[in-house]
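Enquirer: What follows is a single structure, and I will ask about it in a moment.
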Amino acid sequence: MLGEARAMCCPGCQAVAEAIVDGGLESYYQHRSEPSTNPEALPQALPDEIALLDRADVQQPFVEHQGELAQASLLVEGISCAACGWLIERHLRELDGVAEASLNLSNHRLQVRWADSRLPLSRLLAELRRIGYAAHPYTPDEAAERLHQENRRTLRQLGVAGLLWMQVMMAAMATWPEFNLDLSAELDTILRWVSLFLTTPIVFYCCGPFFRGALRDLRTCHLTMDVSVSLAIGGAYLAGIWSTVTGVGELYFDAVGMFALFLLAGRYLERRARERTAAATAQLVNLLPASCLRLDRDGQSERILLAELRVGEQVLVQPGALLPADGVIVSGQSSVDESLLSGEYLPLPRGVGDAVTAGTLNVEGPLTVEVRALGDDTRLSAIVRLLERAQADKPRLAELADRVAQWFLLVVLLAAVVVGIAWWQIDPQRAFWIVLAMLVATCPCALSLATPTALTAATGSLHRLGLLLTRGHVLEGLNRIDTLIVDKTGTLTEGRLTLSSVQPLRDLDADACLALAAALENRSEHPIARAFGKAPDAAEHVLSVPGQGLEGSVGGHRLRIGQPAFVAGLSACTAPAIPGDHGQWLLLGDEQGPLAWLVLDDRLRDDAAALVEACRSRGWTISLLSGDSSPMVAEVAAQLGIDDARGGLTPDDKLAVLRGLHERGRTVLMLGDGVNDVPVLAGADISVAMGSATDLAKTSADAVLLSNRLGSLVQAFDMARRTRRIIVENLFWASLYNGLVLPFAACGWVTPVWAALGMSVSSLLVVLNALRLSRVQAA
Amino acid sequence: MTALYVMIPVAVIVVGLAIWLFFWAVDSGQYDDMDSPAHSILFDDEDPRHQAGVEEAKGPGTSERDAPHG
């Protein structure tokens, strides 16, 4: 490609690259800025499961028909940079039958319109997979849809405020004595009426959210920023009407427009940041497979949708597939990976009569399972319900700006009353206008921009570091954390088995043994096989014995790898005892006897120690809570120097520990990844899910560590500190300005010109100060 | 100053048009994706309608990017 030969790491990448180059889309490689996702890392979709999507009743929720064309939204996985978007759009548009394809890069949604009589949906998905992307039908959930609608409305309000404000400013400024050159009395009246006419939509359409917010807060007896803003806007508008009708007094209409524009801009920025993160985490909550293989009485399997499955029926679960329901194994022998549910890091052997849980992964051999519980009755749903309960009693961290606003408003209102009474004694004619000027001049515009701009800038830089904040309180709250709870499997450790040592038993050295083992394992689909890496030679006649191991021949020698007894069976000698106590021990042997032990273990992440160190230097207490009951928990804790480590905990136990900490007044940061961590993630003051975590964990956490680098989290702690400093600075500047202008306003020296000037300068200062947070050290 | 009697209504009408246009743009989803359009111009060279630009753009030495997968 691009005129030169390139080495490919695997057949998957090669197939994708060939499809791309053959399609004349080679310049994808020229423009991409990130290496793309390995196609083998994408979730595997079974051809017959995709075919199920062609059924009309399955398509009904997400496909719309307009004449001959069908329209659907697809969620695409595997997008790494902008070039992917181009590649997908171009490739689809070249297909016969596709009328339009457009990909939204920020939320990875593909809108496609195509003639489904000529091109079935399954073909479309297969084409996407051919160029290296996995796509699922996307049905927007209600919350996402509402958020989207609200964002559009906020944007409309912002635009209207901006456009109208500019006109109002021109009309209103012409009437100010500073700019009034030779305006006739008639024109003055016209300009006043024009600005009233243009301001009215600003007040009633754009400022609606402030008034509603103020009403809500007054009803609950809270003084917030909204109350203060509404007072200034409402006061300025009403006084404006009065002065328009009577033709006397100052005109503050331009201030109304400016407030609306600045405040709405702050809110819109915050919303955009939030919608982006919501889109990034609102992937499918995909814990259960979409379809399953049902067995009928004759033992014939048929692929059906999960919704069509009933209790008491039997399903066939292929190796590598998720279990669709809770049930009991009626035939077959395999091991089941329950790490996401329980935190156990090794697949557990399961045989006839054993109970299995929905959402766990069948690793080795095919299983026939009789369904005992479905949907809401499964253990998985019980955890989800626990999550909802935990979310309900999540403590709220009060925000700094709210408290400042409360004091600020009290001071302003008191001052307004005092000044009003004083002027009433001196000059009743001017009293009203002076109080109004005070309210307008002290409108907490800069004050309410102080926090959102700082948070938005900091959120943006953290995103670049690989930490995605999904809820607003994280940055402020991080400064108040004093306890860290971490999960082990997948959080402190990599969460997958890696080869930790090779112990040769005969004359062959470790490298040679590893090469032989890798040759065998490369032919296996078992997840363990990936730990062995690439093999220089290929094994032949490889046979997999579920629950036992692999047998095959390399260079003419017959070899076995797997359980000691199985391997020893080849040379008819007795199986040696496993020398260690943790990890997974595999024996490699040939016809003469055992060759080597290969130890597979879950490795600590490289930066786990740095994270623990950073937390300890901040004086936090660290607890390791794991669902894993193996001695691995104690060992990890010892390695990292964590004193409080507990293993074998159920999600309930973990939640109980969290409650205990809350009762002792602790503020807790939770870092986890599995479904078993979900209730604690939802209940902790602040929770961070790993990027490799389950979807459910990601959606219930306050932040997602997309990069999976624990180091980014340490940077986030620093960023939180800087953000807090900037917010405090901003609040200080804003209050200083308002405090300084208050006496001048009280003396009656503030005219609309000075109010407008002071307001814009103080707001600009605050925004520029916040932008300092968007500078970020290279990650 | 009499010009103002015409200019003010015109300004109001222009603002009305601008708002209508803005609403249309928001509703048709033009502000939904702020990321991809910035990149899409990079690919204009591929568009057959832009072939004239391609000759120009084919300067010496297109820089090599990252290695393929893996």
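The values are calculated or read from the model by the stated rules, or taken from the named source; none is laboratory data. Note that the structure is a prediction, hence the values are computed from the model and not measured. Counting neighbours? That spans all protein chains shown, and the Cβs are built from the backbone with ideal geometry, glycine included. With ligands, DNA and RNA removed, areas are computed over all heavy atoms of the protein, side chains included. Shrake-Rupley method; radii C 1.70, N 1.55, O 1.52, S 1.80 Å.
Enquirer: Which value, in Å² and to the nearest 10, is the accessible area of B:Ile13 when all protein chains are kept and the probe is 1.4 Å?
Expert: Result for B:Ile13: roughly 110 Å² accessible.
Enquirer: Carbon and sulfur: what percent of the range A:201-262's accessible surface (1.4 Å probe)?
Expert: Carbon-and-sulfur percentage of accessible area, whole number: 73.
Enquirer: Any idea how far the Cα center of the range A:436-505 sits from the one of the range A:741-767, in Å?
Expert: 35
Enquirer: For helix A:510-521, what angle does its Cα long axis make with the longest principal axis of chain A, in degrees from 0 to 90 and rounded to 10?
Expert: Taking Cα atoms only, the helix is inclined about 80 degrees.
Enquirer: Another question about this same structure. Tilt of helix A:428-441 relative to the longest C-alpha principal axis of chain A, in degrees (0 to 90, nearest 10)?
Expert: The helix A:428-441 is inclined about 20 degrees to chain A.
Enquirer: Right, something else. For A:Glu270, what accessible surface area do you get with a 1.4 Å probe? Give it in Å², rounded to 10.
Expert: 70
Enquirer: How many Å² of accessible area per residue for the range A:582-656, probe 1.4 Å?
Expert: The answer is 38 Å² per residue.
Enquirer: Here's a follow-up. By how many nm would the segment from A:Ser117 to A:Arg430 grow when fully extended, if each residue of separation counts as 0.36 nm and the alpha-carbon distance is taken off?
Expert: 105.0 nm
Enquirer: Per-residue accessible area for A:Trp176 at 1.4 Å probe radius, Å² rounded to 10?
Expert: My reading of the accessible area for A:Trp176 is about 10 Å².
Enquirer: In terms of solvent-accessible area of protein heavy atoms at a 1.4 angstrom probe, what is the ranking of A:His541, A:His65, A:His136, A:His91, highest value first?
Expert: Highest to lowest solvent-accessible surface, that is A:His541, A:His65, A:His136, A:His91.
Enquirer: Over chain A, what lengths in whole Å, largest first, do the semi-axes of the equivalent ellipsoid take, defined as the square roots of 5 times the eigenvalues of the alpha-carbon gyration tensor?
Expert: 61, 31, 23
Enquirer: At a 1.4 Å probe, which residues in the range A:150-187 are at least 30 Å² less accessible with all protein chains present than in their chain isolated?
Expert: Residues meeting the cut-off: A:Arg152, A:Leu155, A:Arg156, A:Val160, A:Leu163, A:Gln167, A:Leu187.
Enquirer: Order the following by accessible area, largest value first: A:Asp507, A:Asp718. Probe radius 1.4 Å; ligands, DNA and RNA are ignored.
Expert: Ranking A:Asp507, A:Asp718 by accessible area, largest first, yields A:Asp507, A:Asp718.
Enquirer: Roughly how many Å is it from the Cα centre of the range A:722-740 to that of the range A:61-140, as a whole number?
Expert: Cα centroid to Cα centroid, the span is 48 Å.
Enquirer: To continue, here is another question. Roughly how many nanometres apart are two label points built 7 Å out from the Cα toward the Cβ at A:Ala656 and A:Val417?
Expert: In this crude label model, A:Ala656 to A:Val417 measures out at 5.3 nm.
Enquirer: What is the angle, in °, between the Cα long axis of helix A:121-130 and the longest principal axis of the Cα atoms in chain A? Nearest 10 is fine, range 0 to 90.
Expert: 80
Enquirer: So how far apart, in nm, are the two label points at A:Ala99 and A:Ala565 if each is 7 Å from Cα heading toward Cβ?
Expert: 6.4
Enquirer: Further question: How far is the Cα center of the range A:167-200 from the Cα center of the range A:616-693, in Å?
Expert: 64
Enquirer: Can you list residues from other chains, or at least 5 along the same chain, whose modelled amide H is less than 5 Å from the amide H of A:Gly748?
Expert: The list, which skips near neighbours in sequence, is empty: none.
Enquirer: Please compute the Kirkwood hydrodynamic radius over the range A:397-527, one decimal place, Å, based on all pairs of different Cα atoms.
Expert: About 22.0 Å for the range A:397-527.
Enquirer: Could you please put A:Arg153, A:Arg560, A:Arg212 in sequence from largest to smallest accessible area, using a 1.4 Å probe?
Expert: A:Arg212, A:Arg153, A:Arg560
Enquirer: Tell me the total accessible area that B and A bury against each other, 1.4 angstrom probe, in square angstrom rounded to 100.
Expert: Counting both chains, the buried surface is close to 3600 Å².
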